[in-house]
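One structure below.
The values are calculated or read from the model by the stated rules, or taken from the named source; none is laboratory data. For clarity, every value in this text was computed on a predicted model and none was experimentally measured. Because the Cβ atoms are built from the backbone with ideal geometry, glycine has one as well, and the counts that use them run over all protein chains shown.
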Amino acid sequence: MLLALVGYGQNTPVDSTQLLKLQESTGKISAQLARNREKLAHLEKEYQEKTDSKQKAVAQAEASAQKNRNAAEELSDDSQNRAKARRAQRLASRARRDTKSVQRADKNLRSLEKNISKVKKQIEEEEKELNELQQRATPLVPGDTTTGSTSDSVP
């Protein structure tokens, strides 16, 4: 009779501590996955905003460069005119500043692209890890009779 009780306790293949650990790991990874998906959505929205901002900066830089060219042409016609020289100098400074603005915007976009790809890679890894944990947890679920049998048997 004692052997029957010992044997009865071993009939269930469920290891509750292992199942709890898997559930805890699954919960942690799911939470991190949700945070990363939210972060990705935020980064993609920010990327769109920065792209629009860069396009505006490019248009402004082109306009400044054109104004600088016009001022330089006017100055070349009358090189002794101090007012034209000051105006040309101001416009040249503005064109340089606008060019630097475009360069900064481009650098920010590259950095944002790098962050987006990094977060996407993390999401892929977390999804893979979550799937693996769920696959490992499936045989441990009580009452699961689908493990160990396949429907690919040849008649």
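Can you confirm whether GLU62 is surrounded by fewer than 16 Cβ atoms within 10 Å (Cβ to Cβ), at pLDDT 95 or above and closer than 30 Å to GLU126 by Cα?
no
Please verify whether LEU75 is part of a helix (DSSP H, G or I), among the hydrophobic types (A, V, I, L, M, F, W, C), surrounded by 13 or more Cβ atoms within 10 Å (Cβ to Cβ) and modelled with pLDDT under 95, treating the condition exactly as stated.
yes
Considering only the range 18-31, I want to know if a residue exists there that is over 30 Å from ALA137 (Cα atoms), at pLDDT 90 or above and among the β-branched types (Val, Ile, Thr).
So far as the range 18-31 goes, no, none of its residues is over 30 Å from ALA137 (Cα atoms), at pLDDT 90 or above and among the β-branched types (Val, Ile, Thr).
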